[in-house]
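Student: Have a look at the structure that comes next, please.
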Amino acid sequence: MQQKERIKKHILLKHHKNTKFRVENNTHASRHILNKYHNDTIFRNEIKTRSKIDILNKYHNNSDFRTQYKARSKQQVSKKYKSDPTIRLKTIERAMNWYHKNNTLMRQSSRRLYKQRRRILKKYTVRQSHKCADKHRNLHMNNLNRFRQIIREGPDYICISCRLALFRNQEHIQSYFNYSSTIEKKWICKLCSDKIKKRQMPSRAIVNKLKVCEVPSELKKLNNLEKHLIALRLPFMKIVNLTSGKVSSRFAQKGTKGPLHCVPSDVQDTVTTLPRAVDKSMMVRLQLKRRLKYKAVWEEQLINPNNVRDALFILTKMHPAYKNIKINEINDNYLTSDHEKAFENNSDSVVGSMDVDIIEEENLIEETQLCNENRLKTLALGDIDNTINSDEEIDEDDKDIRTKYNIGTDSCIQPCDFNDFLVFDKQPYKTIEALAFSHLFPDGQGSYDEEREIDQKWKEYCKARLLSSDSRFAANSSYIFYLQYLEDLKQVYSGINIAFRKKLPMNAKQSLDEVQMKFLMNKDMIYRHLQCVRGSPQYWHQRLKDLFEMTRQLGFPTFFITLSCADLRWKEFIDTFVRHSGCVIKESYTFEEKTKLLRANPVLATRGAWCLGKVVDWFARIEMQLQGSPHSHMPIWVEGAPKYNGPQTDEKTREEIVKFCNKYITTRFPSLDEDAELHNSIKEVQNHSRNHSKRCLKYHKTLCVFGFPRSVSRRTFICEPIKVDNDDEKQRCKKIK
C-alpha cells in the first residue's frame, strides 16, 4: 500500500510538472475510455444514463440553460423541417394520425379550446385596434387644429426698418431699440437685423430713399383710364382676363401678353381736349386708341373730366415733372349757373302728357349726342410698329357701358408726336417709373432711379415694393407686369453681355457659314445666354440637370406632389386678404366678394408657405393655372424615409416602405360622422370626374388615356415591372395594359 501511494504521488507530481507526460497521459486515457465505451455495452449504458440524469437536473434547476436548450432545439427542428422534405412529410403525417387516432371527446375539447383562444385573441386585437384608432384620430385632430391655428396667421408682421409684411418665421422680435410704449411689439426681419448688427444700413430700408408719400384723395378715386390720362408716360401692354371653370372674366385675375411699350404723352393737350363738365358728377365715355386708323380700342371707360383736372392740379403742386403743366381752374359758380340755365331751358319745354315727356327726353339725348359729335377732337399718336389689335382688352366690367347708359361719347386718342425723338436703347429711360405711375409716386420720389446711399439691386427693389405693407404697389396689376417685363429685359441683356465676353474662335466669314451656325445651334451655344431668364427652354434645361444631380446624390425622391391652389375654398386665405384690406372679417363670404379680394391682392395670393415630415431637400416647378393662381409639381426628400433599391431590395426594407406609405398616404373615404369637412373636400376636389373630357378619349372612344377608373387594391404593395421572357407573355402584357 505504501508503495502504491508513493507511485501515485510520483505520477501526480510528474503530471503537473512535465507537460509532455501530461499530454501523453491524457491522450492515452481518452483513447482507453473511447475503446471501453465502444466495446463495453454496460459501461456505455452507464455513461448515457448518468449524462441524461445530469442534463435533466440541469434543465430543471438552471433556467438559463433551459431557455437556451429550447431555442436551440426549436431552431434545429425548424431547420430540418424546412430543409428536409421527408421530415416535413413525416411530421405532417404524424400529426394527422395523432388527430384521427384520438377519440371524439378529445377532438371536441381541443377544438373548443382552439376556438376559445381564437375568440379571445380576436376580441383583444379588435380592442387594441380601436384603442390605436382612437389614439391616431386624436393625434390627427390635434395636428389639424394646430395646423389651422398656424395658417390663420398670414404676412401680418411688419418690419420697422423696411416696412415689409412678412410671416412670423421671417421676423425677429425687435429688442435693441428703446421705446416708451412696451405694450406694442415691434418686429424686424432677419436681413435688416443682420445688417444693423454689423453697423450697416440695409439696402431695402425705408431711409434708403424708398419712402413714398401718401396718395392724395384726388388720386385715389381715379379709375384706370383716368390714371392713364394724367400719366406723362403711357405703358402700353396687352392685359387679358384669365378665366377658368366657373370663374367668369368679370371676376378673373389679370395676365399680360406680348411686349411693353412706354410712349410719352402730352397731358396738357389731353385735358384741354376733354369736354367742359356741366357739373362735378358729369361722366363722359372715352375711348383710348394707339392710332386713329385702328378700329380696335385699347381701353374704353367712363371718366369724370372734373376728377382728371383735380388730380392734375394736385400733381402740379407735388410732382416736379408736372410743374410746367398749366391747368385752368373751373369756377364752381359758373358751373352751377350754367347748369341752372340748362335746367330752366329744359323745364320750359315740359309737356304734361307722359308720351310727350318720353319724346322730348329722346330728342334731348339725340341733340346732346350730336353736339358731342360736332365738337369731337382727335389728336395723332406716333406710330408703334409692334401694335396688337386687341378687342379682348376691353374689360367686361365696362362693356355694358355702351348699352347701360345713354351718354354722349368723346373719343380721345392719347396725344404726342414722338417720332422725331424715338431712341432705341436697351436701357429704359430714367425716371420713367415715376412718370408712368404718377398715382403711385405722387411726389416723384422713391422710384428705382433715385441715387441712394446704399446701392440696391433690381430684385431687392421689386421685393421692397411688392411685399411692402403699403398695398398700393401689389394691388396694381399694370405695375406688377411693368416690373416683371423689366426684370426679364435686364436678365436677357445681362446674359447677352456675358455671352459677348466669351470669345469664340471664329471670324465673320465663319459666322455666315450655314454649317457652322447649325453646329452652334445643335450644341445650344446660340441661346445659352437665356439660361438666366426664368421660363425659357434653356432655363428649364439647366434646372433638369440640377434635378438629375440631386437624384444621383440623394437617391429617389420620397414623395412626388402636385399642389393646386384652392384659393376660393380657404377661409383663412380670404381672411388674410380682408385683414390687409382693412375690412371686417365675416363668417362666410359670397363668391363675388372672394373673387374681388383675390383680384385686389395678386401678390399676396401667390406667396408661399410645408408638412410631410422633416424635408431634407426639394425641387419645385411652379406653373400658373388658367385662373392665374400658382400650381406646383414637387419631388421632396424626407429624412429617415426607407430607400428603394430596385428589384434587389430585401423583404425587410419593402415592409418598411409599405408602413411608411400607409403612415402618410391613404385612399380611404371618411364618412360624414368621422370628419364632415374632409368628407366634403374629398368628394368635391379629390374624385375623378365620371364624364371623360375630349383629351381623355383622344385615341380611343371608350378607353381613357390615363387609365381611369383604375382597379382598387385592398393593400399597399410595390408594383414592379413584369419580366417578359417569351412572345406569349408579351401579348398578355399588351392585353393587360
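Student: Please tell me if L483 is part of a helix (DSSP H, G or I) and of a type in the set (A, V, I, L, M).
Tutor: Considered against the rule, which asks whether it is part of a helix (DSSP H, G or I) and of a type in the set (A, V, I, L, M), L483 comes out as yes.
Student: Scan (1) farther than 15 Å from F437 by Cα; (2) part of a strand (DSSP E or B); (3) in contact with a Leu (Cβ under 7 Å, 6 or more places away or on another chain) for the single condition D279 breaks and write down its number.
Tutor: (2)
Student: Among residues belonging to region 556-592 that are of a type in the set (A, V, I, L, M) and in a strand (DSSP E or B), point out the one that is nearest to L626 (Cα to Cα).
Tutor: Only one residue tops the list, namely L563.
Student: For the structure I just gave you, tell me whether A464 is surrounded by 15 or more Cβ atoms within 10 Å (Cβ to Cβ) and at pLDDT below 80.
Tutor: On the way: surrounded by 15 or more Cβ atoms within 10 Å (Cβ to Cβ): yes; at pLDDT below 80: no.
Spelling it out, it is not the case that A464 is surrounded by 15 or more Cβ atoms within 10 Å (Cβ to Cβ) and at pLDDT below 80.
Student: So if I check each of S689, S713, S632, S671, which one is of a type in the set (G, A, S) and in contact with a strand residue (DSSP E or B) (Cβ under 8 Å, 6 or more places away or on another chain)? Walk me through how you get there before you give the answer.
Tutor: On the way: S689 fails: in contact with a strand residue (DSSP E or B) (Cβ under 8 Å, 6 or more places away or on another chain); S713 fails: in contact with a strand residue (DSSP E or B) (Cβ under 8 Å, 6 or more places away or on another chain); S671 fails: in contact with a strand residue (DSSP E or B) (Cβ under 8 Å, 6 or more places away or on another chain).
Result: S632 is the single residue among S689, S713, S632, S671 that is of a type in the set (G, A, S) and in contact with a strand residue (DSSP E or B) (Cβ under 8 Å, 6 or more places away or on another chain).
Student: Still on this structure, I have one more. Going by what's in this entry, would I622 be described as within 29 Å of the chain's Cα centre (by Cα), among the hydrophobic types (A, V, I, L, M, F, W, C) and closer than 30 Å to Q542 by Cα? Full working, then the answer.
Tutor: Values: within 29 Å of the chain's Cα centre (by Cα): yes; among the hydrophobic types (A, V, I, L, M, F, W, C): yes; closer than 30 Å to Q542 by Cα: yes.
Taking the combined requirement at face value, the residue satisfies it.
Student: Being surrounded by 10 or more Cβ atoms within 10 Å (Cβ to Cβ) and over 25 Å from R569 (Cβ atoms) is the filter; apply it to region 681-708 and report the residue that is farthest from the chain's Cα centre (by Cα).
Tutor: L703
Student: Hey, another quick one. Residue check, K79 against (1) closer than 30 Å to D575 by Cβ; (2) modelled with pLDDT of 75 or more, all met but one. Which one?
Tutor: (1)
Student: Does Y59 satisfy being in contact with a helix residue (DSSP H, G or I) (Cβ under 8 Å, 6 or more places away or on another chain) and modelled with pLDDT of 85 or more?
Tutor: yes
Student: Scan region 519-536 and give yes if some residue there is of a type in the set (F, W, Y) and assigned by TED's automatic domain parsing to the domain that holds Q625, otherwise no.
Tutor: no
Student: Residue check: is V212 touching a Phe, Trp or Tyr at 6+ places or on another chain (Cβ under 9 Å) and either crowded, with 20+ Cβ neighbours inside 10 Å or modelled with pLDDT of 90 or more (or both)? Break it down into steps so the answer makes sense when it comes.
Tutor: Values: touching a Phe, Trp or Tyr at 6+ places or on another chain (Cβ under 9 Å): yes; either crowded, with 20+ Cβ neighbours inside 10 Å or modelled with pLDDT of 90 or more (or both): yes.
Yes; evaluated as a whole, the condition is true for this residue.
Student: Given the conditions (1) of a type outside the set (A, V, I, L, M, F, W, C); (2) exposed (fewer than 11 other Cβ atoms within 10 Å of the Cβ); (3) outside any helix (DSSP H, G or I), and given that Q553 satisfies all but one, which numbered condition is not satisfied?
Tutor: Of (1) of a type outside the set (A, V, I, L, M, F, W, C); (2) exposed (fewer than 11 other Cβ atoms within 10 Å of the Cβ); (3) outside any helix (DSSP H, G or I), only one is false for Q553: (3).
Student: Can I ask one more? Checking the condition surrounded by 13 or more Cβ atoms within 10 Å (Cβ to Cβ), farther than 21 Å from L563 by Cα and aliphatic (A, V, I, L, M), which residue from I636, I657 passes?
Tutor: I657 is the lone residue from the list that is surrounded by 13 or more Cβ atoms within 10 Å (Cβ to Cβ), farther than 21 Å from L563 by Cα and aliphatic (A, V, I, L, M).
Student: Taking into account only those residues within region 618-632 that are part of a loop (DSSP other than H, G, I, E, B) and in contact with a Lys or Arg (Cβ under 9 Å, 6 or more places away or on another chain), which is surrounded by the most Cβ atoms within 10 Å (Cβ to Cβ)?
Tutor: Ranking the candidates gives G628 first.
One line per residue, one yes/no per condition, for (1) among the aliphatic types (A, V, I, L, M); (2) closer than 30 Å to K254 by Cβ; (3) modelled with pLDDT under 85; (4) outside any loop (DSSP other than H, G, I, E, B):
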position: C611; (1), (2), (3), (4): no, no, yes, no
position: M634; (1), (2), (3), (4): yes, yes, no, yes
position: I657; (1), (2), (3), (4): yes, no, no, yes
position: C661; (1), (2), (3), (4): no, no, no, yes
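The values are calculated or read from the model by the stated rules, or taken from the named source; none is laboratory data. Only a predicted model underlies this, so the values are computations on that prediction, with no experimental measurement involved. Neighbour counts run over all protein chains shown; Cβ positions are idealised from the backbone, glycine included.
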